[in-house]
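Novice: I have a structure here, written as structure tokens, and I will follow up with some questions on it.
The values are calculated or read from the model by the stated rules, or taken from the named source; none is laboratory data. In this text, all values refer to a predicted model and were calculated from it rather than measured experimentally. Glycine gets a Cβ as well: all are built from the backbone with ideal geometry, and neighbour counts include every protein chain shown.
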Amino acid sequence: MNKILRLNQLWYLTLAHFRELIREPGVIFWGIVFPILISLGLGLAFTKKADVQRKVAVIKSAEVPLAESSAIFNFLNNKCERNLSTDESDFKWRYEIKDDKLGNSTFLFYELEWNEAMVLLKRGTVSLILCSNNGNTEYHFDPVNSDAELSYINLSDIIGSGEIRAVRNTAEIKPLTVPGTRYIDFLVPGLITMGVMMSTMWGISYGIIEKRSKKLLRRLVATPMKKSHYLIAQITVRFTMNFIEALAIVIFALLAFNMTIQGSIPAMIILFLAGNIAFAGIAVFVSSHTSNTEVGNGLINAIVMPMMVLSGIFFSYSNFPEWSIPVIQKFPLTMLTDGIRSIFNEGAGFAETAIPSVILTVTGIIFFATGLKIFKWH
């Protein structure tokens, strides 16, 4: 009987929190739309930098080696600086265009198989693929990607200059129509995962801190309600809202932009749930003790802002310095975004997303258990 009463208690708590949320439509704007607008502004700001670095894939093939007479071979071996590193993941050639007014542009060339190059193109790591076909230079890129187009313009001018100018007349542009190569394919998974983080962190953390500051949580101490039920009810409501918001974005993207989900939908649902668990646990931990809304606002921003900028939502985090990338990849938002993006664009399934799902789930459970232990009503 006691167990049934507790389940009823949890159900009515969840229902009450859900009704409280849907009566405040402004929560959706301030928790989801407004942070997206801020992130977009930051993303645009990052495009204005003096020196840029662009990564280009050069196709290698054991069956058809790069001909020594080809324009690409001549360019890479005669005009580029070769990287002496033996690490296979490092770039093989480097070329720099110096411009005192517009800033320097550095091109890093990676020698890859076609499938490897396509994966990196979908992830936003490289923007252009070069290959030689019967002596002709082919440029493979997304025709609506301005960065890729600029890379093509610069390289076609360079490769077509001097002793190999004739190549410019035989160069072919190969616009990529493969699913997953457009910028919208890169952006939508990031919007979904950022929505999870913003909705969970602000919806749970700030909501609890605000109620504590207004002495509303103090009144609940006298009731037989368990604090675990109170927190689980908050999390359940947020899970439901996040699922509805993500589903709306996916349906809109499928209809408006003809996107496709190339990987496993069950794997995506499990990973999405794991991401919700991770951020819900962090949200409970952040809001477990403080009653000052200013302090709470600072704590939430200290968590969400770095991930919102660094985790590859609007642009690839490969643009950041090499030493920072291993750190960025360990962020919960980065793991969630990379996993969802790989399912959308790379055909990933349970095998590829199992480890991120486990890490995110364990992270959420640890933070939730710690937050529950130190949680105070007033």
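Novice: Any residue in region 257-270 that's outside the structural domain of Leu360 (by TED's automatic domain parsing) and basic (Lys, Arg): show its pairings with residues that are modelled with pLDDT under 90 and surrounded by 18 or more Cβ atoms within 10 Å (Cβ to Cβ) at Cβ separation under 6 Å, as long as the two are six or more apart or on different chains.
Specialist: Going by the 6 Å Cβ cut-off, there are no qualifying pairs.
Novice: Okay, next question. Go through region 326-364 and count every residue that is in a helix (DSSP H, G or I) and more than 14 Å from Phe186 (Cα to Cα). Lay out the reasoning, then the answer.
Specialist: Filtering region 326-364 for residues in a helix (DSSP H, G or I) gives 326-328, 332-346, 350-364.
Checking the rest, the ones that are also more than 14 Å from Phe186 (Cα to Cα) come to 326-328, 332-333, 335, 350-364.
Looking only at that region, the number is 21.
Novice: Applying the selection to region 318-329, what residues are closer than 21 Å to Tyr183 by Cβ and modelled with pLDDT of 85 or more? So that I can check it myself, show each step before the final result.
Specialist: The first filter runs over region 318-329 and keeps only residues closer than 21 Å to Tyr183 by Cβ, leaving 318-320, 325, 328.
The answer is Ile325, Ile328.
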